[in-house]
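Enquirer: One structure follows; several queries about it will come next.
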Amino acid sequence: MNRSTSLSLVAIAAALIAGPALANDTTAKTREQVQAELAQAVRSGTIVAVGEDSMTLNQQFPGLYPQQAAKAGKTGEQAQAELAQAVRNGDMVVGTSSKLNQLFPDLYPKQVAKAGKTREQVQAELADAVRTGDIVAVGEDSMTLNQQFPGLYAQKVVHTNTASSGNGTVSAN
């Protein structure tokens with residue numbers, strides 16, 4: 001499949017996907033705006049190429065597209081200040097993965113531990129997750145138990161406004 005056919009297929013797919021999504025939006029773009037954005041994306045190569053790697057065309061074929069402007073980085077002074085701070089704290093990696101402050105903790109200031117949850121808080125969250133079925137079920141689909149078995153777990157209850165509904169009923173989400 002040549003490059004122009006790939007671009008055409010991508011453009012058609014983008015138009016088909018974006019069309020219905022934009023139709024329901026009250027602030028939808030005009031046809032001309034969408035066509036202009038698509039033309040700009042084709043020119044700059046920011047359209048996702050056909051394939052499994054999810055790379056854009058300008059990532060796959062950088063020589064065919066204009067170079068993107070480089071993002072502003074840190075100044076030399078900022079980089080030197082960060083390096084000096086890392087040296088003072090021992091945050092320098094030695095060898096493959098160990099830091100100086102891990103190898104020689106007595107030579108560097110103590111690391112301040114971040115406050116975490118208490119055992120009681122964690123146990124309460126676990127009990128709540130078990131009760132509501134908000135635990136990932138065994139399997140490859142990564143669904144929670146309340147998604148796999150909605151009949152076993154209580155539905156979230158939403159109280160409706162009695163003035164608008166007139167009967168004060170309770171509905172489930």
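The values are calculated or read from the model by the stated rules, or taken from the named source; none is laboratory data. Given the structure is predicted, the values throughout are model-derived calculations rather than measurements. With ideal geometry, Cβ positions are generated from the backbone for all residues, glycine too; neighbour counts draw on all protein chains shown.
Enquirer: Which of the helices (runs of 4 or more DSSP H) found entirely inside the range 30-100 contain at least 2 residues meeting this: free of Cβ contacts under 8 Å to residues at least 60 places away in the same chain and within 30 Å of V112 (Cα to Cα)?
Expert: The helices (runs of 4 or more DSSP H) meeting that bar are 76-89.
Enquirer: Only one of these is at pLDDT below 90 and not aliphatic (A, V, I, L, M): Q123, Q78, Q148, Q85. Name it.
Expert: Selected residue: Q148, the only one of Q123, Q78, Q148, Q85 that is at pLDDT below 90 and not aliphatic (A, V, I, L, M).
Enquirer: Okay, next question. Going by the conditions given, is A86 among the hydrophobic types (A, V, I, L, M, F, W, C), surrounded by 11 or more Cβ atoms within 10 Å (Cβ to Cβ) and either more than 29 Å from the chain's Cα centre (by Cα) or under 22 Å from P109 (Cα atoms) (or both)?
Expert: yes
Enquirer: A further question on this structure: Which of the residues that make up the range 57-84 are under 30 Å from S44 (Cα atoms) and of a type in the set (A, V, I, L, M)?
Expert: The answer is L57, L64, A69, A70, A72.
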